[in-house]
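Trainee: Below: one structure in structure tokens.
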Amino acid sequence: MPELADKRVLVTGGGGFVGAPTVRALLAEGAVVRVLDTVESSRLDGVDCEVVVGDISDPATVTAACQDSELVVHLAVLPLSLANADPASAFDTNVRGSFNVFDAAGKAGVSRVVYSSASSAYGPTDTYPIVEDQPLRPTAFYPASKAAAEMLLRGLAAAYGYSFIILRYMNVYGPGQTAGVVPAVTRSLLAGNRPKLTGDGSQAFDFVHIDDCAQANMLAIAAKGSGAELNVGSGEATSLNELVAVLNDLLGSDLKPEYDGPVATAPPRVGSIERATRLLAYRPRVSLRDGLADVLEAQRAVAQEI
């Protein structure tokens, strides 16, 4: 891990799903962390960091948050479902907001920016595993906004002279996730219901745990060179049927999926992590089984609080 003792790090979206474990990992290495987020997140309860409540779409807020920072990890984002439903708001946050972060970082004299992009920026492709040199051809606004921010980062890093790394996360999952196939299937099984899947369940994805995303963020801070685009995933394809089977095994249940909708014909959507392994020494640490056990434990805890 990088030498981060007393390094001042700004984490935008630090109270979020991937942000909170990243903040904890930074603090464990001795960094001095400032979080910029739109709310004071309960995910940071008991965490010793400065929290600035504000929106990255406001340049003055971002400029103030960047002051005295040496490193920036940019995770703040309007998520997929909201972004695709409201492109104007997504532009303000994911594109204009990212510009504000990258511009303020340069003016503050930051040495490195780590940007969390998304594998959805590749768009549909028939070539798997996905490698980073494949062109970005997004077909919805969320991935288009992530691709646009990548280009803005390249331009502003060149203008200001700071280094940067772009991380393209695959299908992220973990405790605290509220939207997506993993929490949906988990909730169904915990309630004793058969999970509903679109198609025949053969669709396969590259599921990566939030702790592995946090690990990649940490490694990217210290990576040699600048400008690399790196996939962050497990490097393995898991079908939805396999996902349900692992969860059933963990629960000791045998609830078969209910299928609906058209059968998918796309190949497994898995990303190559060879470049991230070579440049960052990144290797996923959390197995799918262990990661899903984390999810189940977290959802059980939530159910007990209700």
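Trainee: At least 1 residues that are more than 30 Å from VAL114 (Cβ to Cβ) in each: list the helices (runs of 4 or more DSSP H) lying fully within the range 214-306 that qualify.
Mentor: Once the helices (runs of 4 or more DSSP H) in the range 214-306 are filtered for at least 1 residues that are more than 30 Å from VAL114 (Cβ to Cβ), what remains is 240-251, 288-305.
Trainee: Please tell me if LEU36 is among the hydrophobic types (A, V, I, L, M, F, W, C) and in a helix (DSSP H, G or I).
Mentor: So LEU36 fails the test.
So that you can scan it fast, the table gives a plain yes or no per residue for (1) among the hydroxyl-bearing types (Ser, Thr, Tyr); (2) more than 30 Å from ALA31 (Cβ to Cβ); (3) in contact with a Cys (Cβ under 9 Å, 6 or more places away or on another chain):
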{"site": "ALA216", "(1), (2), (3)": "no, no, no"}
{"site": "THR238", "(1), (2), (3)": "yes, yes, no"}
{"site": "SER253", "(1), (2), (3)": "yes, yes, no"}
{"site": "PRO257", "(1), (2), (3)": "no, yes, no"}
{"site": "GLY261", "(1), (2), (3)": "no, yes, no"}
{"site": "VAL270", "(1), (2), (3)": "no, yes, no"}
{"site": "GLU274", "(1), (2), (3)": "no, no, no"}
{"site": "LEU296", "(1), (2), (3)": "no, yes, no"}
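Trainee: Give the residue, chosen from VAL62, VAL32, that is more than 20 Å from the chain's Cα centre (by Cα), more than 17 Å from TYR169 (Cβ to Cβ), crowded, with 24+ Cβ neighbours inside 10 Å and assigned by TED's automatic domain parsing to the domain that holds TYR169.
Mentor: None of the other options fit; the residue is VAL62.
Trainee: Still on this model: With the condition being farther than 19 Å from SER81 by Cα, I'd like the strands (runs of 3 or more DSSP E) fully within the range 161-207 carrying at least 2 qualifying residues.
Mentor: It comes to 163-169.
Trainee: Filter the range 113-160 down to residues that are in a loop (DSSP other than H, G, I, E, B) and among the acidic types (Asp, Glu) and give me whichever is surrounded by the fewest Cβ atoms within 10 Å (Cβ to Cβ).
Mentor: Residue satisfying both the conditions and the ranking: ASP126.
Trainee: If the requirement is being surrounded by 18 or more Cβ atoms within 10 Å (Cβ to Cβ), modelled with pLDDT under 95, assigned to a loop (DSSP other than H, G, I, E, B) and out of contact with any His (no Cβ under 7 Å at 6 or more places or on another chain), which of these qualifies: GLY16, GLY46?
Mentor: Matching residue, one of GLY16, GLY46: GLY16.
Trainee: Yes or no: TYR173 aromatic (Phe, Trp, Tyr) and either touching a Ser or Thr at 6+ places or on another chain (Cβ under 8 Å) or without any contact (Cβ under 8 Å) to a residue 40 or more places away in the chain (or both)?
Mentor: In short, no.
Trainee: Now for a different question. Check the range 61-74 and report whether any residue there is among the acidic types (Asp, Glu) and within 20 Å of ILE166 (Cβ to Cβ).
Mentor: Yes, there is a match, as at least one residue in the range 61-74 is among the acidic types (Asp, Glu) and within 20 Å of ILE166 (Cβ to Cβ).
Trainee: Right, something else. If I ask for residues that are aliphatic (A, V, I, L, M) and in contact with a strand residue (DSSP E or B) (Cβ under 9 Å, 6 or more places away or on another chain), which ones from the range 21-41 would you list?
Mentor: Listed by number, the residues that qualify are VAL23, LEU26, LEU27, ALA31, VAL32, VAL33, VAL35, LEU36, VAL39.
Trainee: In the range 49-79, which residues are in contact (Cβ under 8 Å) with a residue 12 or more places away in the chain and either assigned to a helix (DSSP H, G or I) or acidic (Asp, Glu) (or both)?
Mentor: Within the range 49-79, GLU50, ASP55, ASP58, PRO59, THR61, VAL62, THR63, ALA64, ALA65, CYS66, ASP68, GLU70 meet the criteria.
Every residue, every condition in (1) out of contact with any Asp or Glu (no Cβ under 6 Å at 6 or more places or on another chain); (2) hydrophobic (A, V, I, L, M, F, W, C); (3) surrounded by fewer than 19 Cβ atoms within 10 Å (Cβ to Cβ); (4) modelled with pLDDT under 95, yes or no:
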| site | (1), (2), (3), (4) |
| --- | --- |
| GLY225 | yes, no, yes, yes |
| VAL232 | yes, yes, no, no |
| VAL246 | yes, yes, yes, no |
| THR265 | yes, no, yes, yes |
| GLY271 | no, no, no, no |
| ALA276 | yes, yes, no, no |
| LEU279 | yes, yes, yes, no |
| ARG289 | yes, no, yes, no |
| LEU292 | yes, yes, no, no |
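The values are calculated or read from the model by the stated rules, or taken from the named source; none is laboratory data. The structure displayed is predicted, hence computed values, not measured ones. Here the Cβ is made from the backbone with ideal geometry for all residues, glycine too, and neighbour counts use every protein chain on show.
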